[in-house]
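Trainee: Below are the structure tokens for one structure; questions will follow.
What follows draws every value from the coordinates through simple rules; no lab data is involved. This is a predicted model, so every value here is computed, not measured. Backbone-built Cβ (ideal geometry, glycine too); neighbour counts: all protein chains shown.
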Protein chains: 2
Amino acid sequence: MAEDKKLVQEITSMSEDFAQWYTDVVKKAELCDYTSVKGCMAIKPAGYAIWENIQAELDRRFKATGVKNCNMPMFIPESLLQKEADHVEGFAPEVAWVTQGGLEPLQEKLCVRPTSETLFCDYYQRNVHSYRDLPQVLNQWVSVVRWEKTTRPFLRSREFLWQEGHTAHATEQEAEERTIQMLNVYADFCQDFLAIPVVKGQKTEKEKFAGAKATYTIESLMHDGKALQSGTSHNFGDGFAHAFGIQFADKDNQLKYVHQTSWGMTTRMIGAIIMVHGDDSGLKLPPRVAPTQVMIVPIMQKKEGVLEAARDLLAKLKEAGIRAELDDSDKSPGFRFADCEMRGIPLRIEIGPRDIEAGKCLFVRRDTHEKSDAALDSAAAAAAAMLDTIQKDMFEAAKAHRDAHTYTAVSLDEFVETVNTKPGFIKAMWCGCRECEDRIKEMTAATSRCMPFEQEQISDVCVCCGRPAKKMVYWGRAY
Amino acid sequence: MAEDKKLVQEITSMSEDFAQWYTDVVKKAELCDYTSVKGCMAIKPAGYAIWENIQAELDRRFKATGVKNCNMPMFIPESLLQKEADHVEGFAPEVAWVTQGGLEPLQEKLCVRPTSETLFCDYYQRNVHSYRDLPQVLNQWVSVVRWEKTTRPFLRSREFLWQEGHTAHATEQEAEERTIQMLNVYADFCQDFLAIPVVKGQKTEKEKFAGAKATYTIESLMHDGKALQSGTSHNFGDGFAHAFGIQFADKDNQLKYVHQTSWGMTTRMIGAIIMVHGDDSGLKLPPRVAPTQVMIVPIMQKKEGVLEAARDLLAKLKEAGIRAELDDSDKSPGFRFADCEMRGIPLRIEIGPRDIEAGKCLFVRRDTHEKSDAALDSAAAAAAAMLDTIQKDMFEAAKAHRDAHTYTAVSLDEFVETVNTKPGFIKAMWCGCRECEDRIKEMTAATSRCMPFEQEQISDVCVCCGRPAKKMVYWGRAY
């Protein structure tokens, strides 16, 4: 059992040092690796398999709303990036520049895309001429580069994977509807598939995307009480269309500017899964996103009939559409149990000689560590039902944690006290002024996460300045 | 019918100007678009949907052989690229360099990956320690950048999409087996899925990959008689392992170097599909790779019952697992027919009032333009069978064309005469010397495509120098 201990020992406890716990999980669950490229990570197979499941499910949901995939270049000429003033101001300080191609210096330097609004605008300018060409509802699955100073696996790296949707519409209303539609796709996806509860709302002017008219966001709460922006959807109005000259002949024969949106979700959601669900035994994957949903661990597998029974069970689980595997390695059962836990596999099934004799096997849930017997001849159906239960319970547990760590504050003193003693979301009223946002950030390092669609009247005055309140805002320290 | 004519008129005939025909098809079938980024293309939804099907099928075939996906950074530090001498010599002249990150110049410049051997070596060096860590069979779906001087959509662009597999093994034999295994995956994929016949063989020393011990290739023949390298698989031996210090403790407790492979297929296969199957009506997609396999075109669709019958048929086709669509636009039937042809949709089904009355519909094959009636109540099964027939017939037609354009030459005069008058593959004997390869290229612009696994003894002497022959080689002018 020395091996088991070794595996468990090396992980720091969450309560002791959350940041170190996170790093330990990433490493021990083999999700990603550092590289010789500063600030960039290698996503290992176990981490990438999670991303593949996220991709497949999101892509399916996108396509059900009429989204089509395409691919734009990874480079943006400097002159193109500069066309929209707010946008270039927001991104220019953090881009990587290509200045040499082959053996020669480039005439115009190219940035590696930090986001692709300008490329899609360039594309729409060439491809949209008539109302018949609208709407354009495109998406691409690519990586982008932002030259961050401090980086952390999945949460903040110089290159990260994402999808970016970019649409163009004939009317302002249609663009706004698409912006909200995609925010809802993200929210439903997070809640149904990743078992992560989210708050939907609008970003303040200070926090909105560079070049956007309005930015909508879903915000989730990590186990340590810090917030994570989990997906954003932007309505650009016709600002980019004016900057890039994207006009179309409408049904009434008038030349009009298109209205645009963009929306993105990234590999940082893998970080969210770790930090919302994980515990001191390691990663904890919701069944729907788990690459391996069930691991069968045979006990005393050298005894006659054990491996055979385990393989039969594996076949039945696979037949039932469950992503199951068998760990018949020569490591001790204790090591294999700990390994399953570290990798976050939702359900472990133990099967040994006495179980087989009794016609049963043992289910061990990753989320609650609860154990229960299941009859061997109906184990596949029982496992499927158990996975559904785990998915549901993990969402409820995350929601209960989020709700228990959502506070209110009606005065600045209370706000500061809460931030410093109770990590979580703080709901507090706001006058709408940039000054109060800046002051709160300066005093507490908390930022406005969003103005939630579901407003509450906590008090009548701004928590910071005492002037009449305009909006209830979710605040928090954030990743 | 003026509209139909317009659509057809704008495409150059293949026999008149093949290069212009290719460009016309790419444009009219809306596969890709030029961009403001010189030498880089935007892949439009119709083109990207083909790539998505290629990806899904190849990925499925890879995974069936044990491949796992991952993701490495897009940048390579200069010092890392330089570690393997042949490799850096091959790639350095054509890479793009990032020299500035954010507002500051980089201490070490980074190239945008032209291929990722060095990154995978760096990864294996950190992650492989014991024979228990082997084999490593990884793949990534990404884009790479090579600073080409002249570019053509899909065939040669500064950025292109591909997959690159990179593996590490305990023994030389296992690496060689994996190299051949993946070449066979490519060959079967091309033949079964893209209906493109290929020749399997080994590249000569002159044509092999920079840093490889052996490069294997599949070569296909385009309609104009030019060859296209369609997929390559490289055995690196332990050369990279020595350069990067990738060692593992073997079962016998000895420290050994790993043996590595890599293999790739790119978006240039979309170019191959166009140039192998297309005709003067436009693109012609094999059913298995076609995003839309069947297009239903209702005739006199304003008559009562026509649209209803067309929608019924659409539902039945979809239920049978066929990727079908309905073109109920207000354009003339002739325009819609021509549009289906241009986009390469394998099967068109026309349905009008008289068909419905007679309980039938009309099948029109894209590949042969043949028409046949089908009973409405069994149309789905008939369409599925017809798609299978089209897939098979397209492969046979491409193979017949390839075979009819494969020649032999036993003297240099005959070789030169054949190259200049009969575009296609030339099979000819070779002594194995670089000088003869260089001379043939200089005289004819033809290069050695491969030394096929299926050797034939065409003559006893080298077609160029007359010395004893070592290998029969496929030669040809190539894209």
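Trainee: For the range B:235-298, evaluate the Debye formula with one uniform point scatterer on each Cα (no solvent term) and list log10 I(q)/I(0) at q = 0.21 Å⁻¹, rounded to two decimals.
Mentor: Listed by q, the Debye log ratios stand at -0.91.
Trainee: Using Cα pairs closer than 8 Å and at least 6 residues apart in sequence, work out the relative contact order for the range B:17-277, in percent.
Mentor: It rounds to 20 percent for the range B:17-277.
Trainee: When each copy gets a label point 7 Å from Cα toward the beta-carbon at B:T171, what are the spacings between them in nm, shortest first?
Mentor: Copy-to-copy label distances for B:T171: 7.1 nm.
Trainee: So what is the 222 nm mean residue ellipticity for the protein assembly as shown from helices alone, if each DSSP H run of at least 4 adds -39500 (n - 2.57) and you divide by all residues, rounding to the nearest 500 deg cm²/dmol?
Mentor: When only DSSP H runs of four or more count, the value is -11500 deg cm²/dmol.
Trainee: What are the semi-axes of the equivalent ellipsoid for the range B:17-277, taken as the square roots of 5 times the Cα gyration tensor eigenvalues, largest first, in whole Å?
Mentor: Ellipsoid semi-axes (Å, largest first): 32, 23, 16.
Trainee: Compute the FRET efficiency between A:S332 and A:D17 as 1/(1 + (r/R0)^6), taking r as their Cβ-Cβ distance and R0 = 25 Å, and round to the nearest 0.05.
Mentor: 0.30
Trainee: What nm distances, shortest first, do you get from the label point of A:E308 to those in the other copies when the point sits 7 angstrom along Cα to Cβ?
Mentor: The projected label point of A:E308 is separated from its counterparts by 6.2 nm.
Trainee: Contact order normalised by length for chain B, with contacts defined as Cα pairs under 8 Å and 6 or more residues apart; what percent is it?
Mentor: 14 percent
Trainee: Regarding the range B:383-479, what's the average projected area of the Cα-atom convex hull, expressed in nm²?
Mentor: 7.3 nm²
Trainee: Under a straight-distance cross-link criterion of Cα-Cα below 17 Å, which aspartates and glutamates are reachable from B:K206, leaving out those fewer than 8 residues away in the same chain?
Mentor: Partners found: B:D86, B:E89, B:E219, B:E435, B:E437, B:D438, B:E442.
Trainee: Between the range A:93-134 and the range A:204-273, what is the separation of their alpha carbon centroids in Å?
Mentor: 18 Å
Trainee: Could you work out the equivalent-ellipsoid semi-axes for the range A:285-332, taking the square root of 5 times each eigenvalue of the Cα gyration tensor, largest first, in whole Å?
Mentor: For the range A:285-332, the ellipsoid semi-axes come out as 22, 13, 6 Å.
Trainee: Still on this structure: If you project the alpha carbons of the range A:294-389 onto their three principal axes, what span does each projection cover, largest first, in Å?
Mentor: Largest to smallest, the principal-axis extents are 33, 28, 21 Å.
Trainee: Further question: Quote the FRET efficiency, to the nearest 0.05, computed for B:K470 versus B:D250 with a Förster distance R0 of 35 Å and r equal to the Cβ-Cβ distance.
Mentor: Taking R0 as 35 Å, the efficiency between B:K470 and B:D250 is 0.45.
Trainee: So what's the projected area for chain A, the Cα convex hull averaged over all directions, in nm²?
Mentor: 26.8 nm²
Trainee: Give the percent of DSSP beta bridges with both residues in the range B:17-277 that are antiparallel, rounded to the nearest 5.
Mentor: Given both bridge residues lie in the range B:17-277, the antiparallel proportion sits at roughly 95 percent.
Trainee: Expressed in whole Å with the largest first, what are the equivalent ellipsoid semi-axes of the range B:214-265 derived from the C-alpha gyration tensor as the square root of 5 times each eigenvalue?
Mentor: Equivalent ellipsoid of the range B:214-265: 36, 9, 6 Å, largest first.
Trainee: Taking the 0 to 90 degree range and rounding to the nearest ten, how far is the long axis of helix B:379-404 tilted relative to the main principal axis of chain B, both from C-alpha atoms?
Mentor: Rounded to the nearest ten degrees, it is 50.
Trainee: Name the shape class, rounded, prolate or oblate, that the alpha-carbon gyration tensor gives for the range A:185-252, where a ≥ b ≥ c are the square roots of its eigenvalues, rounded holds for a/c under 1.5, and otherwise prolate holds if a/b is larger than b/c and oblate otherwise.
Mentor: prolate
Trainee: While we're here: I want to verify the translational diffusion coefficient of the range B:143-229 in µm²/s; compute it with Stokes-Einstein, Rh as the Kirkwood radius over Cα pairs, at 20 °C and 1.002 mPa s.
Mentor: Using the Kirkwood radius from Cα pairs, D works out to 143 µm²/s.
Trainee: Oh, and also: Beyond a 23 Å Cα-Cα separation, which of these cross-linked pairs lie in this structure: B:K203/B:K471; B:K28/B:K399; A:K303/A:K360; B:K44/B:K316?
Mentor: Exceeds cut-off: B:K28/B:K399; B:K44/B:K316.
Trainee: If R₀ is 22 angstrom, what is the calculated FRET efficiency for the pair A:E414 and A:N184, using the beta carbon separation as r and rounding to 0.05?
Mentor: 0.10
Trainee: If you bin every alpha carbon distance in the protein assembly as shown into 10 Å steps from zero, what whole percent lands in each bin?
Mentor: 2, 10, 17, 22, 21, 16, 8, 2, 1, 0
Trainee: Continuing with this model, one more query. Measuring from a point 7 Å out along Cα→Cβ, what nm distances, shortest first, does B:L255 have to its partners in the other copies?
Mentor: When each copy's label point is compared with this one, the spacings are 7.2 nm.
Trainee: Where does the range B:109-189 land on Rg(C-alpha)/(2.2 N^0.38 Å)?
Mentor: Against the empirical 2.2 N^0.38 Å value, I get 1.32 for the range B:109-189.
Trainee: For a bin width of 10 Å, list the pair-distance distribution of the range B:1-153 built from all Cα-Cα distances, rounded to whole %.
Mentor: Cα pair-distance distribution for the range B:1-153, in percent: 9, 24, 29, 22, 11, 4, 1, 0.
Trainee: For the range B:241-257, just list the computed ³J(HN,Hα) in residue order, Karplus coefficients 6.51, -1.76 and 1.60, θ = phi - 60°, integers in Hz, with x standing in for Gly and Pro.
Mentor: Couplings: 4, 5, 5, 9, x, 8, 10, 9, 7, 7, 4, 7, 6, 8, 7, 10, 8 Hz.
Trainee: How far is it, in nm, from the label point at A:E454 to the one at A:L307 when both lie 7 Å from their Cα along the line to the Cβ?
Mentor: Once both label points are built, they end up 5.3 nm from each other.
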